Amino acid sequence: LNLGPTRSTGLELSLDQKISSAVSASANYSWQGKPVVLDAPTPYPAAEIAFPPTHRANLNVTLAGRRYLGTLGVNYSAKAFWSDVLTSQYHGFSDAYTLVNLSAGRKWAGARYTTSVKVTNLLNQDVQQHIFGDIMRRSVMGEVRVSY
């Protein structure tokens, strides 16, 4: 069935700033209101509507120098209500969370080689981005890039 319609409202703000030739920063914020079911011959079932996070915010600082590179990012998401395709016994809220991510690296041989370490969830918090999602813990990954 084609169900609907619904109305969603929101706002997104962002700022990107180059601080120097090697350092930049960015920030963004979004607000999303709760969806509203509109009148229709086959209205969308109110019990099936998911409520995305009302507030989300991100802040990143990036270093992109001749030899060194890195990024520090902080990401916040408010709680959300998930009501996917399964029945209501599987619907539920995911908690609000804040992720701190970090990457750091070095360029070698005139930037032909780049090695880096990337850490997601630096503070090792229990984070579940979706009611059916896995619990995310700290993740550390090494990377080697070769340009030719």
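The values are calculated or read from the model by the stated rules, or taken from the named source; none is laboratory data. Computed from a predicted model, the values in this text were never measured in an experiment. When we count neighbours, we look across all protein chains shown, and the Cβ atoms used for this are built from the backbone with ideal geometry, even at glycine. Note: accessible area is taken over every heavy atom of the protein model, side chains too, but ligands, DNA and RNA are not part of it. Shrake-Rupley method; radii C 1.70, N 1.55, O 1.52, S 1.80 Å.
Residues in the range 96-137 that are over 24 Å from PHE81 (Cα atoms), of a type in the set (D, E, K, R) and part of a loop (DSSP other than H, G, I, E, B): ARG112 only. In this structure, LEU3 does satisfy being open to solvent by 50 Å² or more (accessible area, probe 1.4 Å), at pLDDT below 95 and not charged (D, E, K, R). Determine, yes or no, whether ALA64 is open to solvent by less than 80 Å² (accessible area, probe 1.4 Å), among the aliphatic types (A, V, I, L, M), closer than 26 Å to LEU15 by Cβ and over 15 Å from the mean Cα position of the chain (by Cα). In short, yes.
Looking only at the range 76-100, residues that are among the polar types (S, T, N, Q), closer than 17 Å to LEU123 by Cβ and crowded, with 17+ Cβ neighbours inside 10 Å come to 1 in all. Tallying residues that are more than 24 Å from GLY142 (Cβ to Cβ) and charged (D, E, K, R) within the range 39-78 yields 3. Restricting the range 101-128 to residues that are open to solvent by 40 Å² or more (accessible area, probe 1.4 Å) and of a type in the set (A, V, I, L, M, F, W, C) leaves a set whose member that is farthest from LEU59 (Cα to Cα) is ALA109. Within the range 7-31, the set of residues being in a strand (DSSP E or B), open to solvent by 60 Å² or more (accessible area, probe 1.4 Å) and either touching an Asp or Glu at 6+ places or on another chain (Cβ under 9 Å) or not aliphatic (A, V, I, L, M) (or both) comprises ARG7, GLU12, SER14, ASP16, GLN17, LYS18, TYR29, TRP31.
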